[in-house]
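Enquirer: Have a look at the structure that comes next, please.
The values are calculated or read from the model by the stated rules, or taken from the named source; none is laboratory data. Nothing here was measured: the structure is a model prediction, and the numbers come from that model. Here the Cβ positions follow ideal geometry from the backbone for every residue, glycine too, while neighbour counts run over all protein chains shown. Just the protein is used for accessible areas: all its heavy atoms, side chains included, with ligands, DNA and RNA removed. Shrake-Rupley method; radii C 1.70, N 1.55, O 1.52, S 1.80 Å.
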Amino acid sequence: MNKKSLLSNFYIAMEAVIANKVRSLLTALGIIFGVAAVIAMLAIGNGAQSEILEQIELVGVNNIIVQPMVEQVEQSLGEEEEDANKFSPGLKLLDVESIKKSIPGIKKMSPEILLETYIIKNGIRRSSKLVGVEPSYFEVANFELYEGKMFSEKQLEKGAPVCIIGKAIQSKFFARENPIGKKIKVGSQWLEVIGVLKERYISEKAISNLGIRDYNMDVYTPIQTVLIRYINRDLVTGSGLKKNFGTSFRFGGRGGFSITTTTTSDDDKPSNYHQIDRLVVQVSESEKLSPTADVMARMLERRHYGVVDFEISIPELLLKQQQRTQNIFNIVLAAIAAISLLVGGIGIMNIMLASVLERIKEIGLRLSIGAKKNDIIMQFLFEAVVISVTGGIVGVILGVGLAYAVSSLADFPTQISFMSILISFGVAATVGLIFGITPAKRAAEQDPITSLRHE
């Protein structure tokens with residue numbers, strides 16, 4: 001069959017499709033919705049996968065998180081006096097050193113002290129969080145500097161009044177000036193800005209699921225700076241907590257310090273006696289996450305005299321389990337969409353078979369004036385492929401629109417991939433070709449004389 005004959009059969013097929021617009025549209029509906037379903041469902045699945053990967057990046061890879069729990073007030077109900085009077089020194093920097101020396105396979109450790117405070121500059125006051133950290137914090141949490149520099153060894157050792165601010169702090173307080181080298185009042189102390197972190201977008205869902213905060217509004221300072229210039233909760237005594245006294249040691253700007261003791265009622269919550277508020281331990285291999293967490297739990301319990309005033313979590317394992325669940329969900333979505341395409345292909349075959357019966361006289365006329373069986377086959381195959389390809393194009397547009405609608409109206413992340421569009425469109429064309437073969441063969445097998453007599 002030459003090129004001229006193929007073009008001729010294609011034009012005849014296009015005329016038949018255009019002449020029967022309603023029938024062609026009804027035939028293509030299955031393909032349209034099938035392709036749209038494939039693109040929209042895969043976009044939803046890809047969006048969920050992307051969100052999980054972003055959350056893994058937020059919590060860091062191979063990280064174990066240790067968070068203190070403030071000891072709850074307990075009443076003795078027939079227990080031994082010794083057990084009832086147990087007192088824990090809380091989570092301390094000494095615990096960090098002990099874990100680092102005793103447990104193998106640890107890559108990095110990042111202790112943190114978190115203080116609720118406020119920032120003042122040029123008459124503007126805003127609540128914020130001051131985070132005492134070590135340089136390893138920025139590596140473990142995947143933070144990058146936008147400008148400036150990290151803390152030096154001298155600044156870390158002496159607890160220098162320096163800080164690194166989040167991008168939102170720069171936008172709020174240094175909108176028209178370079179913050180590097182400038183000072184900002186954080187709580188009762190003036191800190192010199194030596195660096196600005198790159199902005200990180202954190203969704204509300206990630207904040208609620210992972211228990212993290214908006215890091216862009218935080219101020220970071222060396223952990224020794226917090227201990228020397230703000231507060232060191234390690235100096236709080238056990239007897240003070242037992243009597244519901246909160247003791248704060250605050251160091252003045254000239255080397256002196258003051259001790260403030262406040263009395264609380266029995267109904268008040270006990271004071272936080274932990275020296276550090278969070279510890280992130282990064283291990284070298286994922287397989288060591290659970291064993292390392294178990295060993296850490298037993299070690300900390302011994303160091304805290306049997307009091308479990310901490311909790312250990314492995315967010316990456318939880319997220320990977322969620323990722324496996326999402327993969328299964330994506331497979332189910334793809335299977336449902338594939339069934340839609342299959343149903344669309346069957347619809348094409350049924351309508352085309354009915355079309356053959358309607359057009360028997362036309363087929364007989366073409367055969368009687370010299371058309372070959374291959375010409376009839378190509379005509380009906382072209383009709384099926386044109387309908388399926390046109391339906392595929394409309395389905396792609398509809399699927400992309402649905403994905404954007406879900407993203408904007410349902411506040412659910414979607415991610416459209418070029419591969420999903422290519423696959424769905426290719427499947428649509430293939431479906432039209434495969435399911436158009438049977439009607440095309442039936443049309444070509446018609447007897448010309450019988451067909452011309454058909455009423």
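Enquirer: Count neighbours as other Cβ atoms within 10 Å of each site's Cβ, and list the trypsin sites (Lys or Arg not before Pro) in the range 94-161 that are DSSP loop with at most 15 such neighbours.
Expert: Those that pass, being in a loop and sparsely packed, are Lys149.
Enquirer: Still on this structure, I have one more. Largest first, how would Arg176, Arg302 line up by accessible area (1.4 Å probe)?
Expert: Values: Arg176 235, Arg302 170 Å².
Result of the area sort, largest leading: Arg176, Arg302.
Enquirer: Report the extension gain between Glu147 and Ile18 in nm, rounded to one decimal, defined as 0.36 nm multiplied by the number of residues separating them, less their alpha carbon distance.
Expert: Between Glu147 and Ile18, full extension yields 40.2 nm more.
Enquirer: Tyr215 accessible area, nearest 10 Å², 1.4 Å probe?
Expert: Surface accessible to solvent at Tyr215 totals approximately 20 Å².
Enquirer: Express in nm, to one decimal, how much length is gained between Asp294 and Ala335 on full extension, taking 0.36 nm for each residue of separation and deducting their alpha carbon distance.
Expert: Values: separation 41, 0.36 × 41 = 14.76 nm, distance 4.03 nm.
Once the chain is fully extended between Asp294 and Ala335, it gains 10.7 nm.
Enquirer: For a Förster distance of 56 Å, can you work out the FRET efficiency between the beta-carbons of Phe412 and Lys373, rounded to the nearest 0.05?
Expert: Working: r = 52 Å, r/R0 = 0.94.
Computed FRET efficiency for Phe412 and Lys373 comes out at 0.60.
Enquirer: Continuing with this model, one more query. Using 1/(1 + (r/R0)^6) with R0 = 51 angstrom and r between the beta carbons of Ser286 and Thr430, what's the FRET efficiency to the nearest 0.05?
Expert: Computed FRET efficiency for Ser286 and Thr430 comes out at 0.80.
Enquirer: Same structure again: What fraction of the DSSP beta bridges in the range 136-199 is antiparallel, stated in percent and rounded to the nearest 5?
Expert: 65
Enquirer: At 7 Å along the Cα-to-beta-carbon direction for both Asn350 and Ser102, put a label point, then send me their distance in nm to one decimal.
Expert: About 7.1 nm separates the two model spin labels.
Enquirer: Sorted by accessible area (1.4 Å probe), largest first, how do Thr117, Thr225 line up?
Expert: Largest accessible area first, the residues go Thr117, Thr225.
Enquirer: While we're here: Checking the table Lys198/Lys288; Lys92/Lys154; Lys92/Lys185; Lys172/Lys198 against a 24 Å threshold on Cα-Cα, which pairs fail?
Expert: Values: Lys198/Lys288 31 Å; Lys92/Lys154 22 Å; Lys92/Lys185 27 Å; Lys172/Lys198 15 Å.
Table pairs above 24 Å Cα-Cα are Lys198/Lys288; Lys92/Lys185.
Enquirer: Something else: For Tyr118, which sequence-distant residues (separation of 5 or more, or a different chain) have an amide H within less than 5 Å of its own amide H, given hydrogens modelled in the peptide plane?
Expert: HN-HN under 5 Å from Tyr118: Ser128, Gly187.
Enquirer: Follow-up. Full extension from Ile120 to Ile437: what is 0.36 nm times the residue separation minus their Cα-Cα distance, to one decimal in nm?
Expert: Details: separation 317, 0.36 × 317 = 114.12 nm, distance 7.64 nm.
The span from Ile120 to Ile437 would gain 106.5 nm if fully extended.
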